Amino acid sequence: MTGKTAPPAKKPAQAAAKKKAVPGPKEEAAPKEEAAPKEEAAPAPATEEPPAPEHPPEQPPAPTEEPAPIHTEAGAEATPVPAEGSPAEPPAPAPEPKLEKPKEEPPSCPLSLAVEEVSENSFTLTWKAPEHMGRAGLDGYVVEICKDGSSDWKAVNQEPFLSTRYTIPNLSSGDKIHVRVMAVSASGTSVPATLEQPVLIREILQLPKIRMPRHLRETYIRRVGDAVNIMIPFQGKPQPKVSWTKGGQPLDTNRINIRNTARDTIFYIRQAQRGDSGKYELTVQINGTEDKATLDIQVVEPPGPPQNLKLVDVWGFNVALEWTPPADNGNSEIKGYRVQKSDKKSGKWFTVLERCTRTSCTISDLIIGNTYSFRVFSENICGLSDSAAVASGVAYIEKTKTTYQPEKIPQRDMMEPPKFTQPLTDRTTTRGYSTHLFCSVRGFPQPKIIWLKNQMEIREDPKYIALIDQGVCSLEIRKPGPFDGGVYTCKAVNALGEASVDCRLDVKGEI
């Protein structure tokens with residue numbers, strides 16, 4: 001019996017030794033304390049042994065004497081086992097430090113939770129996204145509410161949503177509601193962002209006020225046939241009463257459609273007509289308190305043509321025109337007139353004046369021999385009139401007939417005796433080199449010029465060439481010799497008298 005029970009006693013002892021072999025290397029630094037765990041560990045295998053009921057009288061001394069040597073022997077036999085497995089088992093826990101899951105922290109708390117609007121049965125919250133959303137990203141937000149005095153929090157939304165604005169509906173007026181918002185991701189739920197004070201569900205009164213757009217504060221101009229579609233926002237709580245009138249009378253619903261919402265009113269006309277022009281009064285009223293605004297609509301169209309266009313006068317290269325304003329200005333002020341002319345030869349119209357602000361004009365620089373027609377358009381904010389006023393007559397630019405009358409100038413006595421304005425000067429020349437003698441004379445009638453040498457008139461001698469041009473007298477002496485020297489005289493003679501000048505000419509021999 002004892003032999004049969006011994007083998008099973010050793011197996012648990014060896015198993016216990018193997019279980020303790022893993023932490024053994026970590027506790028090698030405290031060998032003196034090994035005895036205590038051995039005594040405490042001895043009873044553990046004894047209690048786990050299945051053959052213990054076969055020796056009931058021997059069980060009490062077993063834990064005190066026999067198991068200790070068995071554990072020590074098993075420990076002695078087991079000690080080489082962890083020694084052999086120690087180099088193989090320590091690498092197993094080596095990959096365990098890669099703890100990635102603890103790093104996946106839940107997102108941080110949502111920021112700036114606030115109440116945006118409160119009504120009689122709902123309120124709207126706004127907040128900002130948390131600073132940290134985690135690696136897994138944000139799945140959305142969960143909104144929870146709790147009545148004041150209770151600790152029962154209930155989620156308002158079943159599935160997380162990503163919007164940072166949420167309206168909580170279906171609340172009872174007068175309740176005080178605590179609210180909190182949590183960010184949710186795959187790594188967990190954030191710390192909730194909670195309002196410090198509960199929200200009182202009640203309607204907040206707001207005075208009625210019309211917010212008229214800037215472009216509608218002035219006259220709103222549309223053309224005939226265009227659609228008029230105007231939206232005017234307003235505010236007020238509770239829901240204000242909106243009404244439109246024109247001249248104190250209700251609007252014609254057959255032509256004008258009005259659609260009101262909680263925040264604005266829409267004024268719509270499918271096809272505007274000139275009769276739709278006028279001032280419309282908008283009133284927004286809450287319990288005797290009201291706000292009013294005026295909408296001024298002007299429906300316009302092109303004007304009619306000018307009237308009574310006349311060709312007043314034609315003179316020289318100019319034409320004068322006159323006309324009167326159109327009978328229909330198109331429900332808009334006339335900004336000016338456009339004047340055009342047409343030459344009969346080409347038949348084309350050319351603009352002469354644009355936006356002429358008067359009802360008359362003068363057209364100049366017309367071409368002689370051409371025949372012209374004229375027409376005038378009127379112009380307003382929509383543009384030019386569809387048709388023009390055409391002058392009944394035409395303008396023919398004729399050549400002006402003039403007779404030349406020479407100016408009568410009193411005759412003046414221009415007779416004058418000869419007079420030398422530039423005398424002759426003495427000259428010295430070299431033999432064989434031609435020379436010139438010059439002087440200037442005036443007189444009327446033109447005087448006759450006579451050249452003299454040593455008081456002897458020089459006649460047709462090829463050696464001398466005498467010229468006169470514009471009162472300048474010249475005498476050329478060609479290749480003079482020693483006998484050509486002497487006194488030369490220039491004499492001017494006309495019917496009123498004569499005058500003369502002289503000079504000396506010296507001829508030197510060759511050097």
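Readers should treat all values here as calculations from the given coordinates under stated rules, not as data from a laboratory. Every value quoted in this text rests on a predicted model; they were computed, and no experiment measured them. Using ideal geometry, Cβ is built from the backbone for each residue, glycine included, and neighbour counts are taken over all protein chains shown.
R0 = 41 Å: FRET efficiency of Leu452 with Met414, Cβ-based, nearest 0.05? Before the final figure, lay out the partial values.
Details: r = 28 Å, r/R0 = 0.69.
Approximately 0.90, to the nearest 0.05.
If we sort 236-246, 356-366 on the protection proxy, mean other Cβ atoms within 10 Å, highest first, what's the order? Walk me through the numbers on the way to the answer.
Values: 236-246: 17.1, 356-366: 13.5.
My ranking of the peptides, most packed first, is 236-246, 356-366.
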With each pseudo-label sitting 7 Å past Cα toward Cβ, what's the Thr194-Thr219 distance in nm, one decimal? 6.4
Under a point-charge model restricted to the Cβ atoms of Lys and Arg (+1) and Asp and Glu (-1), what is the dipole moment magnitude of segment 111-201 relative to its Cα centre, in debye to the nearest 20? 200
Each residue of segment 373-389 in order: what ³J(HN,Hα) in whole Hz does its phi give by Karplus 6.51 cos²θ - 1.76 cosθ + 1.60, θ = phi - 60°, with x for Gly and Pro? 10, 9, 9, 9, 9, 9, 9, 10, 5, 7, x, 6, 5, 5, 10, 10, 8
Scan segment 412-488 for trypsin sites (Lys or Arg not before Pro) in coil per DSSP, keeping those whose Cβ has at most 15 other Cβ atoms within 10 Å, and list them by number. Arg412, Arg431, Arg459, Lys463, Arg478
Given the C-alpha centroids of segment 221-293 and segment 486-511, what is the distance between them in whole angstrom? 116
Note to self: C-alpha centroids of segment 153-183 and segment 444-466 sit apart, in Å, by 137
Pick out, from Ala389, Asn318, Val376, the residue whose Cα sits farthest towards the positive end of the charge dipole of segment 310-397, with +1 on the Cβ of Lys and Arg and -1 on the Cβ of Asp and Glu. Asn318
How much net charge surrounds Gln197 when only other residues with a Cβ under 13 Å from its Cβ are counted (Lys, Arg +1; Asp, Glu -1)? 0
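Among 496-509, 145-158, 369-382, how do they line up by average Cβ neighbours within 10 Å per residue, starting with the highest? Don't skip to the end; give the middle numbers.
Details: 496-509: 15.4, 145-158: 11.9, 369-382: 19.1.
Highest mean packing first, the order is 369-382, 496-509, 145-158.
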Residue by residue, what Karplus-based ³J(HN,Hα) values in Hz, rounded to whole numbers, does segment 194-199 have, using 6.51, -1.76 and 1.60 with θ = phi - 60° and x for Gly and Pro? 10, 5, 5, 10, x, 9
Quote the Stokes-Einstein diffusion coefficient, in whole µm² s⁻¹, for segment 152-208, based on the Kirkwood radius over alpha carbon pairs, a temperature of 20 °C and a viscosity of 1.002 mPa s. 156
Once the piece of chain linking Asp313 and Asn254 is laid out straight, how much longer is it, given 0.36 nm per residue of separation minus the C-alpha distance between them? 15.8 nm
Amide H partners (placed H, <5 Å) of Gln307, local residues excluded: Thr324
For segment 111-201, what is the Kirkwood hydrodynamic radius in Å, using each pair of distinct C-alpha atoms? 13.5
Dipole magnitude of segment 416-508 about its Cα centre, charges +1 at Lys/Arg Cβ and -1 at Asp/Glu Cβ only, in debye to the nearest 20? 220
Going out from 0 in 5 Å bins, what whole percent of all Cα-Cα distances in segment 207-300 drops into each bin? 3, 13, 25, 26, 18, 9, 4, 1
Farthest toward positive dipole pole in segment 111-201 [+1 Lys/Arg, -1 Asp/Glu at C-beta], among Ser190, Ala114, Leu171: Ser190
For peptides 324-335, 391-402, sequence by mean Cβ density within 10 Å, most packed first: 324-335, 391-402
Among the Cα-Cα pairs of segment 416-508, the proportion with separation greater than 14 Å, in percent, is 61
Compute the length gained on full extension between Val115 and Glu131: take 0.36 nm times their separation in residues and subtract their Cα-Cα distance, giving the result in nm to one decimal. 3.7 nm
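Based on the Kirkwood radius over alpha-carbon pairs, what is the Stokes-Einstein translational diffusion coefficient of segment 310-397 at 25 °C with 0.890 mPa s viscosity, in µm²/s?
Numbers: Rh = 13.4 Å.
Taking Rh from Cα pairs, D becomes 183 µm²/s.
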Could you calculate the contour length gain from Leu205 to Thr294, that is, 0.36 nm times the residue separation minus the distance between their Cα atoms, to one decimal place in nm? 29.5 nm
